[in-house]
Amino acid sequence: MFRNFAGVMEHNVESIRNKIYEIRGQRVMLDRDLAELYGVTTGNLNKAVKRNIRRFPPDFMFQLTKEEFYELNRNLIFQNGISSWGGTRKLPYAFTQPGLAMLSGVLNSDIAIDANIKIMRVFVSFYSVPTLTISSERITKIENEIKRIKQDMEDILADQNDINESTRAQLDAISEALAELQPRDPKPRRRIGFVQDE
C-alpha cells in the first residue's frame with residue numbers, strides 16, 4: 001500500500017526522494033516533511049494552508065486516515081503515534097504534486113521557493129524516460145530488415161499490377177468477342193404493344 005521512493009542522486013535531492021510516499025495510488029509528501037524542508041513548523045505550514053484552503057481541493061491535499069497513519073507508523077516513518085504528550089498530535093496531511101505546486105504560492109520565503117524548486121525537479125525525474133542506446137550492429141540489422149520489407153512490398157505491388165494488366169486484357173477480349181457476335185445489319189424489330197408501327 002505504501003512505498004518509499006529512494007533514489008541515488010545528489011544528497012539533498014536524495015533526501016527529498018526519501019520523503020515521497022505512495023498513498024492512495026498517488027505520490028505525496030507529508031506536511032511534517034515539507035515543514036522541515038521549508039524551514040517552518042508543521043503547525044505554521046498547516047495554518048498557512050488553512051488560510052488558503054480554497055487552493056487545496058481533495059486531489060491537491062488530503063488528511064490521512066487512522067489506518068493509513070498506523071500503516072506509516074508500522075513502516076517506521078513515524079516513531080510515535082497520535083498523542084497530546086509528544087509525537088504527532090493530529091493526523092498528517094498529504095500533498096500531491098499539484099498541491100506542492102500550490103504551496104509555493106502560499107509559502108513565499110526564499111527557503112520555501114528553493115525547496116519547492118528541488119521538490120518539483122524530483123517529481124519530474126519520476127517521469128523522465130531513460131535514453132535508449134542501440135548498437136551499430138543492431139541499427140544495421142534494423143536497416144536491412146526495413147530494406148527487405150520494402151522489397152517485399154514492391155514485389156507484391158508488381159504482382160498486383162501484372163494481375164491488373166492480364167485482367168484488363170481478358171476484359172478487352174470478352175468485349176471483342178461480344179462485338180463479333182452482334183449482327184452486322186440487324187433487322188428492325190417489331191414494336192411490342194398495342195400501337196404498331198405503320
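Worth a mention:
Yes/no per residue for (1) in contact with a Cys (Cβ under 6 Å, 6 or more places away or on another chain); (2) part of a helix (DSSP H, G or I); (3) modelled with pLDDT under 80:
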residue: ASN144; (1), (2), (3): no, yes, no
residue: LYS147; (1), (2), (3): no, yes, no
residue: LYS150; (1), (2), (3): no, yes, no
residue: MET153; (1), (2), (3): no, yes, no
residue: ASN161; (1), (2), (3): no, yes, yes
residue: GLN170; (1), (2), (3): no, yes, yes
residue: ALA173; (1), (2), (3): no, yes, no
residue: ALA179; (1), (2), (3): no, yes, yes
residue: PRO186; (1), (2), (3): no, no, yes
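- Single residue of region 98-141 satisfying the filter (of a type outside the set (Gly, Ala, Ser) and not in a helix (DSSP H, G or I)) that is modelled with the highest pLDDT: LEU107
The values are calculated or read from the model by the stated rules, or taken from the named source; none is laboratory data. Being a predicted model, the structure only gives us computed values, none of them experimental. Using ideal geometry, Cβ is built from the backbone for each residue, glycine included, and neighbour counts are taken over all protein chains shown.
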